[in-house]
Amino acid sequence: MTAAIRKLVTMTDEVLVEMGETVNPPTRRAAAIAVIANPFAGSFTADLSPLIDIGAELGALLTARAVAALGIAPDAAESYGKAAVVGEAGEIEHAAAILHPKLGAPMRGVLGGGTALVPSAKKRGTMGTAIDVPLGHRNAAYVRSHFDAMEVSIADAPRANEILVAVVVTDSGRPLARVGGLAAADIIGQDGLR
């Protein structure tokens, strides 16, 4: 089964100044979002494998769109995250089926790698529901400068029988990060942690 996509949205966020201080280079984040039909809305289904396959499809599509929005080479992406909002006729497990089994590998394929887990969030909601897409460095989970999130929402989604799926990538950490910890320049990147 392929995704029945009603809408694709891409948005960028660029922070130039924080607390009166210039952010140089600017902190940039891009979200690519698909609003898809939920084939299992309104009923319980034991086999969610069609949603798992849709997750793989959307992982590649949305990551490529987010990278393009930033105008960077795919391997220049520093952090990533994913999230889904299920319309009220669906269930949280529908979001889990899209996000967890297969969406991450295609993301990494587009980006040319990534050893850290892809942070994720899911919830049920109505049209206009916002969700914070959690972010972490793609090669080392302990890089504190890249612990962040980008809020996304679409005014007319998700409808009761839809799922909003979002992927976010960045080309930097938080603006003016200064809480210590492992620096991005010191990543070993072998186990996804350090």
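Somewhere in the stretch 9-18, is a residue modelled with pLDDT of 95 or more, out of contact with any strand residue (DSSP E or B) (no Cβ under 7 Å at 6 or more places or on another chain) and within 20 Å of residue 147 (Cβ to Cβ)?
Yes.
Within the option set 178, 108, 159, being among the basic types (Lys, Arg) and modelled with pLDDT under 95 holds for one residue only, 178. Filtering the stretch 69-98 to residues that are in a helix (DSSP H, G or I), under 30 Å from residue 46 (Cα atoms) and either within 15 Å of the chain's Cα centre (by Cα) or hydrophobic (A, V, I, L, M, F, W, C) (or both) leaves 92, 95, 96, 97, 98. A Cβ distance below 6 Å, combined with a sequence gap of six or more or placement on separate chains, defines the contacts here; from the stretch 4-27, residues that are at negative phi and surrounded by 12 or more Cβ atoms within 10 Å (Cβ to Cβ) reach residues that are among the acidic types (Asp, Glu) and part of a strand (DSSP E or B) in the pairs 26/14.
Scanning for something within 13 Å of the chain's Cα centre (by Cα) and of a type in the set (Asp, Glu), does the stretch 169-190 turn up at least one residue? Within the stretch 169-190 (the criterion being within 13 Å of the chain's Cα centre (by Cα) and of a type in the set (Asp, Glu)), the answer is no, since none of the residues qualifies.
Scanning the stretch 154-194 for residues that are touching a Leu at 6+ places or on another chain (Cβ under 8 Å) and surrounded by fewer than 21 Cβ atoms within 10 Å (Cβ to Cβ), we see that the one that is nearest to residue 38 (Cα to Cα) is 154.
The values are calculated or read from the model by the stated rules, or taken from the named source; none is laboratory data. Since this is a predicted model, take the numbers as computed values, not measurements. Glycine also receives a Cβ, built like all others from the backbone with ideal geometry; neighbour counts cover every protein chain displayed.
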